[in-house]
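The values are calculated or read from the model by the stated rules, or taken from the named source; none is laboratory data. Only a predicted model underlies this, so the values are computations on that prediction, with no experimental measurement involved. With ideal geometry, Cβ positions are generated from the backbone for all residues, glycine too; neighbour counts draw on all protein chains shown.
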Amino acid sequence: MIVAMDGPAGAGKSTVARRVASQLGYSYLDTGALYRAAALQARRRGLAFEDTPEMRRMMAEIRIAFDGVRVILDGEDVSEAIRSPEISHYASVISAIPVVRQMLLPLQRRVGEAQDVVAEGRDMGTVVFPDAEFKYFLDATAEERARRRFLELHQKETNTTMEQVLEEMRMRDERDSSRVAAPLRKAADAVYILTDGMSVDEIVESIVERVTT
Ligand code: DC
């Protein structure tokens with residue numbers, strides 16, 4: 001069984017997907033973490049964020065493991081390192097390169113074939129798991145999404161302002177939605193949830209109820 005969950009940054013996907021997976025006893029697949037790990041690796045190697053032979057080589061060699069909590073890149077735990085604003089930006093940039101998406105596709109599908117999974121990202125319902133039994137598109141207004149991301153960043157004591165978060169998010173959404181390769185889009189058969197004013201419990205409950213009945 002696959003529950004596909006897409007939506008823009010800050011829509012509440014990760015929190016909801018994690019909780020739904022835990023309540024259903026399914027695995028949780030955070031596909032954004034894969035793009036983030038690839039972006040981190042490319043930055044460390046000083047690569048141009050383009051379809052170059054070096055980028056293809058890196059993608060062919062890269063080993064990313066995700067156990068539902070920690071992200072391991074070539075044997076190193078990069079769970080924290082991939083969450084910086086810098087890597088958020090570069091993950092969005094690298095994810096627009098078609099060959100990068102293509103090379104991360106089998107990895108994602110393999111997870112879905114091997115177990116029941118709640119998979120979260122931008123193209124779960126449209127490209128990676130078009131036949132998923134359940135599809136959701138989680139959304140929230142830009143202000144609400146920026147507010148959530150701001151609170152999240154603030155817990156880590158960064159000195160980013162609310163305006164910077166809003167601007168960074170706007171640019172990232174624009175890039176993720178306008179790219180040619182698997183843009184952020186609601187699948188025609190996905191259930192749309194606007195999460196403004198809804199509690200996490202409420203959203204999780206409605207999804208779990210539908211999947212289990
Ligand atoms: O969900 P996230 O914020 O961790 O994702 C980081 C970036 O990765 C996001 O800006 C776009 C990209 N991404 C993608 O293109 N496709 C996915 N399935 C997941 C993430």
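Considering (1) within 14 Å of the ligand (Cβ to nearest atom); (2) over 20 Å from E120 (Cβ atoms), the lone condition that V71 does not fulfil carries the number (2). Of the residues making up the range 181-213, those that are of a type in the set (D, E, K, R) and within 19 Å of the chain's Cα centre (by Cα) number 2. Considering the range 13-34, the residues that are small (G, A, S) and assigned to a helix (DSSP H, G or I) include one that is nearest to the ligand (Cβ to nearest atom), namely G32. For the range 1-51, which positions are farther than 21 Å from H89 by Cβ, among the β-branched types (V, I, T) and buried (at least 20 other Cβ atoms within 10 Å of the Cβ)? Within the range 1-51, I2, V3, V16, V20 qualify. Return the pairs, sorted by first residue and then second, in which the second residue is outside any strand (DSSP E or B) and within 13 Å of the ligand (Cβ to nearest atom), the first residue lies in the range 119-148 and is in contact (Cβ under 8 Å) with a residue 12 or more places away in the chain and polar (S, T, N, Q), the beta carbons are less than 7 Å apart, and the residues are 6+ apart or on different chains. Short answer, once both residue conditions are applied: T126/A182; T126/R185; T126/A187.
Being of a type outside the set (V, I, T) and either touching an Asp or Glu at 6+ places or on another chain (Cβ under 8 Å) or away from the ligand (no atom under 16 Å from the Cβ) (or both) holds for only one residue in A37, A91, A81, A48, and it is A48. Within the range 170-188, residues that are in contact (Cβ under 8 Å) with a residue 60 or more places away in the chain have Cβ atoms under 6 Å from residues that are within 11 Å of the ligand (Cβ to nearest atom) and of a type in the set (K, R) in these pairs: D176/R122; A181/R101; A182/R101; L184/R122, counting only partners at least 6 apart in sequence or on another chain. Does R36 count as closer than 23 Å to Q164 by Cβ, free of Cβ contacts under 8 Å to residues at least 60 places away in the same chain and in contact with a Lys or Arg (Cβ under 8 Å, 6 or more places away or on another chain)? Yes; evaluated as a whole, the condition is true for this residue. Counting only residues that are over 21 Å from the mean Cα position of the chain (by Cα) and buried (at least 16 other Cβ atoms within 10 Å of the Cβ), the range 56-67 holds 0 of them.
Taking the range 1-25 as the range and being at pLDDT below 95, at positive phi and out of contact with any strand residue (DSSP E or B) (no Cβ under 6 Å at 6 or more places or on another chain) as the test, only G10 passes.
As a summary of the residue check, R57 satisfies the conditions (1) within 13 Å of the ligand (Cβ to nearest atom); (2) in a helix (DSSP H, G or I) except for the one numbered (1).
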